[in-house]
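Notes follow once the structure below has been shown.
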Amino acid sequence: RLDEKRGQLRELFHLPAGAAVIGLVGRLTAIKNHRRFLAVAARLRELHPDLCRRHNVRFAIIGDGELREPLETEARALGLLPDLFFTGNLDDQLAYLPDLSILTLTSDNEGTPLTIIEAMACGIPVVAGDVGGVADLLGDSERGLLVPHANIDAFAGALARLLAEPATARELAARGQSFVREQYAVTRLLRDLDTLYQS
């Protein structure tokens, strides 16, 4: 169970106790659009500086890839360092999910993102762009906040809302967790396979 690994990311990167960690998980490739994540982080800090200070917000890019160097350069230019950190290549990226306060996904395209399913299973609220199969997971912002995928202000606003409204974040996370446990449980998958074979 992933939630049993809680604390590993914060310990590894010496994060302050109580810091809100907004993270993105995935290989550093163009389709994942980490540049958009950087722009969202910068806009959140620009529009909501008091909120970011109050929650001691940190930003995590979990994963590695060929775009790391230009992304680090851009993060530096945007003044996001040291509050934004790159984990680099980790043996088990998903093991670090439980330490995120919010998972976000800024991809240009997705199928059905495993990272969102895993985050929801851990009870982590999600803010994601409306691409591919994301809406099938989040519904109409019923189980996470769904935003237009290229709208930086919408992303920043959704993140600010979850930081400012912890009760809303908890409610969305609880709904997401229930949904994933019902729809993606091993027992349900086995039952579906049995039905398929029987038919």
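The values are calculated or read from the model by the stated rules, or taken from the named source; none is laboratory data. Computed from a prediction, not measured in an experiment: that's the story for all the values here. Note: ideal-geometry Cβ built from the backbone for every residue, glycine included; neighbour counts use all protein chains shown. For the accessible areas, the whole protein counts, side chains as well, though only heavy atoms, and no ligand, DNA or RNA atoms are used. Shrake-Rupley method; radii C 1.70, N 1.55, O 1.52, S 1.80 Å.
Residues considered: A39, A77, A173. Largest GNM mean-square fluctuation over the chain, using C-alpha springs under 10 Å, is found at A77.
Enter the accessible area per residue of the chain (Å², integer; probe 1.4 Å; all protein chains in place).
Roughly 49 Å² per residue, with all protein chains present.
For the chain, modelled as a GNM whose springs connect Cα atoms under 10 angstrom apart, the maximal fluctuation among A17, A75, A95 occurs at A17. Restriction of the GluC sites (Glu not before Pro) in region 1-75 to DSSP coil positions whose beta-carbon has at most 15 other beta-carbons within 10 angstrom yields E66. Computed in the context of the full set of protein chains, the accessible area of region 42-180 at 1.4 Å probe radius has 47% of its extent on carbon or sulfur.
Here the chain has an Rg and Dmax of 16.7, 59 Å, counting Cα atoms alone. Summing Cβ point charges (Lys, Arg +1; Asp, Glu -1) relative to the Cα centre of region 66-105 gives a dipole of roughly 140 debye.
Region 1-50 and region 109-139 have Cα centres lying 16 Å from one another. Just so you know, the Rg over Rh for region 1-62 is 1.01, from Cα atoms, with Rh as the Kirkwood radius.
Per-residue Karplus couplings for region 48-53, computed as 6.51 cos²θ - 1.76 cosθ + 1.60 with θ equal to phi - 60°, are listed in order as 9, x, 5, 5, 5, 5 Hz, Gly and Pro entered as x. For the chain, the longest principal axis of the alpha carbon atoms and the long axis of helix 152-164 meet at an angle near 80°.
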